[in-house]
1. Show me the trypsin sites (Lys or Arg not before Pro) within the range B:207-307 that DSSP assigns to loop and that have at most 11 other Cβ atoms within 10 Å of their Cβ.
2. Hey, what angle do you get for helix D:221-233 against the long axis of chain D, alpha-carbon based, 0 to 90 degrees rounded to 10?
3. With 10 angstrom as the radius, rank C:7, C:173, A:190 by how many other C-beta atoms surround their C-beta, starting from the fewest.
4. Just to confirm my numbers, what's the Cα centroid distance between the range B:240-257 and the range C:209-287 in Å?
5. Which whole number in µm²/s is D for the range C:5-147 by Stokes-Einstein, with the Kirkwood Rh taken over Cα pairs at 10 °C and 1.306 mPa s?
6. ³J(HN,Hα) across the range B:276-289 via Karplus (A = 6.51, B = -1.76, C = 1.60, θ = phi - 60°), whole Hz, x for Gly/Pro?
7. What is the protein assembly as shown by shape, rounded, prolate or oblate, if you read a ≥ b ≥ c off the alpha carbon gyration tensor as root eigenvalues and call it rounded for a/c under 1.5, prolate for a/b larger than b/c, and oblate otherwise?
8. Quick one: go through the range A:21-56 and flag any residue whose amide nitrogen is under 12 Å from the point 7 Å out along the Cα-to-Cβ line of residue A:191.
Amino acid sequence: MMGMAYRDKDIFASLCQKMLPVLEEKKQRLGRKLRFMEVCGTHTVSFSKTGVREVLADYVDLVSGPGCPVCVTDQSDMDQMIAFAKRSDTIVATFGDMMKVPGSYSNLYKEKADGAEVRIVYSPSQAVEIARQNPQKQVVFLGVGFETTVPSIALSIRKAEREKVRNYFVYSAHKLTPPALQPLIQDPTHQLDGFLLPGHVSVIIGRKGWNLLESLNEPAVIGGFEPIDLLTSIYLLTLEMNKERRSVVNNYSRMVRENGNEKAQELLKEIFEVDSVKWRGFGILPNSGLRMNAAYQSYDALTNLPVDRPVTKGIKGCRCGEIVKGKETPFGCPLFAKACTPENPIGPCMVSSEGTCSTYYQFERGKEKITY
Amino acid sequence: MMGMAYRDKDIFASLCQKMLPVLEEKKQRLGRKLRFMEVCGTHTVSFSKTGVREVLADYVDLVSGPGCPVCVTDQSDMDQMIAFAKRSDTIVATFGDMMKVPGSYSNLYKEKADGAEVRIVYSPSQAVEIARQNPQKQVVFLGVGFETTVPSIALSIRKAEREKVRNYFVYSAHKLTPPALQPLIQDPTHQLDGFLLPGHVSVIIGRKGWNLLESLNEPAVIGGFEPIDLLTSIYLLTLEMNKERRSVVNNYSRMVRENGNEKAQELLKEIFEVDSVKWRGFGILPNSGLRMNAAYQSYDALTNLPVDRPVTKGIKGCRCGEIVKGKETPFGCPLFAKACTPENPIGPCMVSSEGTCSTYYQFERGKEKITY
Amino acid sequence: MKILLSHGDGGSLTNQLVKDVFRTAFQDEFLEEEGDASILPNMSGRVAVSTDTFVIDPLEFPGGDIGKLAIAGTVNDLAVSGAIPQYLTAGFILEEGLSIERLKKIVQSMAHTARDAGVRIVAGDTKVVERGKGDGIYINTTGIGYYPIERRLGFDQIQPGDCILINGGIAEHAVAVLSERAGIGFSEVLQSDCRPLNKMIYALLKRFHSVRFMRDPTRGGIATTLKEIALQTKMDMMIQEEFLPVRPRVRGALELLGMEPYYMANEGKVLIIAASEEADEIVSFLRQFPDQEIAGRIGTVQTGSGNVWLKTPFGGTRNLGMLSGTPLPRIC
Amino acid sequence: MKILLSHGDGGSLTNQLVKDVFRTAFQDEFLEEEGDASILPNMSGRVAVSTDTFVIDPLEFPGGDIGKLAIAGTVNDLAVSGAIPQYLTAGFILEEGLSIERLKKIVQSMAHTARDAGVRIVAGDTKVVERGKGDGIYINTTGIGYYPIERRLGFDQIQPGDCILINGGIAEHAVAVLSERAGIGFSEVLQSDCRPLNKMIYALLKRFHSVRFMRDPTRGGIATTLKEIALQTKMDMMIQEEFLPVRPRVRGALELLGMEPYYMANEGKVLIIAASEEADEIVSFLRQFPDQEIAGRIGTVQTGSGNVWLKTPFGGTRNLGMLSGTPLPRIC
Amino acid sequence: MCLSVPAKIIEIGSSGWQAKVDYLGSHIDVGISLLDRVEVGQYVLVHVGEAIQVVDEELAKESIEIWKGWLDEA
Amino acid sequence: MCLSVPAKIIEIGSSGWQAKVDYLGSHIDVGISLLDRVEVGQYVLVHVGEAIQVVDEELAKESIEIWKGWLDEA
Ligand code: SF4
Ligand code: SF4
Ligand SMILES: [Mg+2]
Ligand SMILES: [Mg+2]
Ligand SMILES: [Mg+2]
Ligand SMILES: [Mg+2]
Ligand SMILES: [Mg+2]
Ligand SMILES: [Mg+2]
Ligand SMILES: [Mg+2]
Ligand SMILES: [Mg+2]
Ligand SMILES: [Mg+2]
Ligand SMILES: [Mg+2]
């Protein structure tokens, strides 16, 4: 089966034997552990789930970045989404990931228990079906996601257009990845030795989508998600550090092309326009989001379905803002695993299964004590 | 408590002692039992429920008339009502009596099980409340009933008007009682010695509402529903037979005035207009029904809510048509208590608790065999 | 706080709910074990089992709530069979959005009623269904008891000449519930008769040895229950309308709605068939208990062919069948 | 024919439904009695009781339906406690509009499964709720059994060094159900593992004397069950990810949806804790049964502090908690 | 044809459209718009939630008395 | 960030917008409008029900072989 070789335990073990000494050597030379950011939340989870984080722990500190779409969604966007759900004539369709994310006053689960119609979909096209089956209702798809996900949401709008479904709307809180890395690279207080770039975003934007990083001469490797992908990418990042002139290394060439998926890129241009939008933790980042463009206004939930959005309140004590920038780890949050747990999450980082706090809660707690 | 004296067992027994010999004497003179029609279904039930029918049985054959509003409703009206229930945007509100009445293909219970919204109300004004609480739906009240009931339905329209409830409609299958008696009196094959007139219809139309019967010189007594009301009314009818010139006797004077309830009569004139309508068993009777008049067209379900009414099919083998005219008793129907039971009613006379077949099923079956 | 779907997913919220709401209220060592099954001590004698599911709108009504009903209903089913109810299991279906405060109140009412009846709740289960797929709370209770005496009650014990008795006014539960339903609104409170009868029945059976059969006339009312007895015994039940205890207010409410008390549900009544010699004494016995002051003898059993005859005070008779179709308010 | 509200009013339609659908399918002399309670023979030994309510969408799924599930679920709860299941009660909540054909099919599936498992359905109840207040059918089953052996299973029997075993592939029920739900649509059929395990477990207990504890990892999956064991024993459960049997197709479906097998429901699985000396033999024994060819030893019990550790093949470990929130399809 | 009961007015609503009535101890609200004027203590005939007539109490008593008198006559 | 799996196309829908794919034996329908052209037997990367790229099988095999070769080097 495709890609299963990258899960091979024996090859993994052999690669470790040869690669870990190289990391150790680099660590010795630097006098400290290496410090890489895995931008993507799926990478964060994969490192923990496979145990590769533990394998590398003596040599590398892995820092999580702004790669969980749920976590970087601004609180005001969450409040807006919950406000849609409160409309009595409206069905909200969403990926399961959003259900528990706390808004300033509520979350979608609570709204549902209070009578809001909230439907969880696996694919955005299902939301169009829901709209078709409920002509007397407005259906709002809660659009969160990065470059990987937005094309599928764009296709749902195309499908609604083609099938003349007039009661389908998208609330676009979509984000672009590269603009969020620039401030991290340029932040002088932020000691990062390089970036493990998100493999599936890269599938869409291509290796050349990371020109910015190349121009900043930053060590950067595009990697996949299997154990061998993870290990080799970290190894390649280490090699890259030693170079004078760095290019973005494509260590996921089975999926990622130089130019990415141009058909998807064009679709995005057709339906969305780039805008400067607010991220949790970052504030407004220039050209970092996608809004519906003029030609598709009739599918825009924001302009078509007025709601009373409440005044957004920050979440007290939560450090998600620092965590999505990789400036804090969950262990640094005093609420982590105490007041804040998956059952009673305080910030979105504890809600999303890719959120850094959630990942650390599930995988990284209390390991000091174990011996098998 | 008001009226309880008319339930007094001892007075009833004393009256029997004095009245039954008078009936016996009349029977002897005629060489046959007396034969009176109780027009009203509530009278039919009261005679059975109290046992007064049994008390009189040796002297009087009581014949049931067209006084069950459910039973005289034409099959095509039933189909129309069911068609309203099938509309997906429509809630049908009805008195409980209508739920099981068979249309040509279905009944309201079955429609409800299939997803139709059907609400049972005790009072028509509740239906207006339902309309107010469901602004996105059309609410149709199924208007069945005689002069007693229609004023309350008229008030519901007034309430909707006053409270600006625009999604409330009435389907008017209302009937007037006196026009149905004329053909029965004039039917030469129909041997009836007199009429026990419906007490509560008379409350609205007054004693003078029965001028027609007086002009036809027919023995007629307006009676109440308690055992003593029933007994004395039959006695008075017998006395009336002996008279040369008859007037309509008011034996329910505690409730019935000479002119009836004029306020209610005016209300009916304001909202409805008299029309010639179809009755089950009778066909079209001149000036026997009430349609919404022009000024209230906006509350008329028929003109405002188009439906596909199916082709009406008669009910095979059912004799309800003869039964509502008093030309047949349930025992004369071969289906009675065999194929046709309250669990599987074939005709409306078996459905309505006032229907003659239902009354005979509940109260009059198998009595031959009992000894206490 | 409201019930969320996650309260039913078997994970940590479910565990928390069970601990906070159910264990706290029921407090039973058998429940504490957290096993898949509860282990009960050896049982002596034949074992009685009965199950019932309770679905009622409104959840709370004058004189009770669904919790009290769920205990009393199953306890009474065991008791009328002659058994001593000992243990109950409780299975809940909660609707997403239900207020947890309300749930607690109902669970506490269950616990209270169970204690009153002297039965223990030994196993439970909770499921949560989506909003619009339930009606607040549905409760199943299953009861286990044993038969303390060797005397058997049953249809086959009934003899012609036996008396038919009832322990109080009929139709009270149905009217209390109707009066709470939207739109009808009797503003004068009518109390449901809902209550566990096991202690009263135990005393009755101990004292009177001619009791042949008992049944609680719940859904379908006394008419349906009497008809079942008639059909099973192929005898006739001869009932005197005058002797049927109905409180005036209950009769009034039913006349307003065009309904008959014979078909209305009871939740604290038992129809008793006993030898006529003991009938008067049984009536006196029954009348000592609270709210049973109008208990009475309502008729007799006669050879026949499975009919229930109701004799009116004015000389008529009526053949009562089973309930056919839910009673509804009528205009005629 | 469809279920009408009148099928639940306790009158003649209810009686007819009970006769036509339930008695016909279950055919049990105890049910025939038409009493308020069923009278069972004396029971020897300690008595086991368990109750569960089954609410599942869709009602039918590859490998079973709600009827099979309702029998297997309660039978298994009794069996894993070490009891021999003997009797079941069944309480139905039917939604107005349900097709009676469909009900019959499900009831027949219950009857069939009960016969397979060798248990008798001795009491029942049916309620009908309005359309939009149910979801086709909800079923409560309550099971009664007895303990044939004096050996006690329980948390307190578990010892450090014991082995943790499972009788086959996990997450199969959850995936079969997911695949039937609207919108996900795996077109290749994945079969639920739903089945009664009592006969297999009886044989297991008879042959192996070091079985300390069993539990069926239903809602919440093996992770939640293991965590419950860990918390109750205050020991650590050390699980090897590699040894956890998951069929490839199940793994594939779950990876597509972003879900983990550890938290997914099973309906024909049992987690067994036994002395390590017998572990290999138990595995061989388990593998003889149909669909259990991938049964295996998945970990060991160790002194600790109530944690469940999952060791990955690549050298990491993970602290498994209880299920927290219903698993949902995810994008990330 | 038309189930109706005679109930006693125990309270008149402030709108003038409704009254609370008592029938054998059960209380419900009924409409009174079909009547010209009603007073607390009067009996009204109630049908489908509306009062359709005021009971003539004098006549109610009189009629039964007349029958009783007639009985004594013989 | 974006869960995706490489699944094999086993059938292409008649509309040309959909294909059935197999992943470890599980089959689902996915959209293929984001790809220029796909054929049965090819692997595609699936994310939220859409195929977002064709897997380069040559490179997939090559890459792992390169690492294996590198292991042998030492
Ligand atoms: S542990 Fe909770 S409160 Fe702390 S940063 Fe994470 S989500 Fe926020
Ligand atoms: S018994 Fe049935 S079929 Fe015969 S007339 Fe009456 S309703 Fe019609
Ligand atoms: Mg909404
Ligand atoms: Mg409708
Ligand atoms: Mg029972
Ligand atoms: Mg019961
Ligand atoms: Mg009972
Ligand atoms: Mg359970
Ligand atoms: Mg259980
Ligand atoms: Mg279970
Ligand atoms: Mg279990
Ligand atoms: Mg029952």
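Please treat every number below as a calculation from the coordinates, not as lab data. What you are looking at is a predicted structure, and each value in this text was computed from that prediction instead of being measured. Counting neighbours? That spans all protein chains shown, and the Cβs are built from the backbone with ideal geometry, glycine included.
1. Sparse-neighbourhood loop trypsin sites (Lys or Arg not before Pro): B:243, B:245.
2. Helix D:221-233 sits roughly 70 degrees off the main axis of chain D.
3. A:190, C:7, C:173
4. Between the Cα centres of the range B:240-257 and the range C:209-287 lies a distance of 42 Å.
5. 103 µm²/s
6. 8, 10, 8, 10, 4, x, 9, x, 6, 10, x, 6, 10, x
7. Verdict is prolate for the protein assembly as shown.
8. In the range A:21-56, the label zone of residue A:191 (backbone N under 12 Å from the point 7 Å along Cα→Cβ) covers A:30-36.
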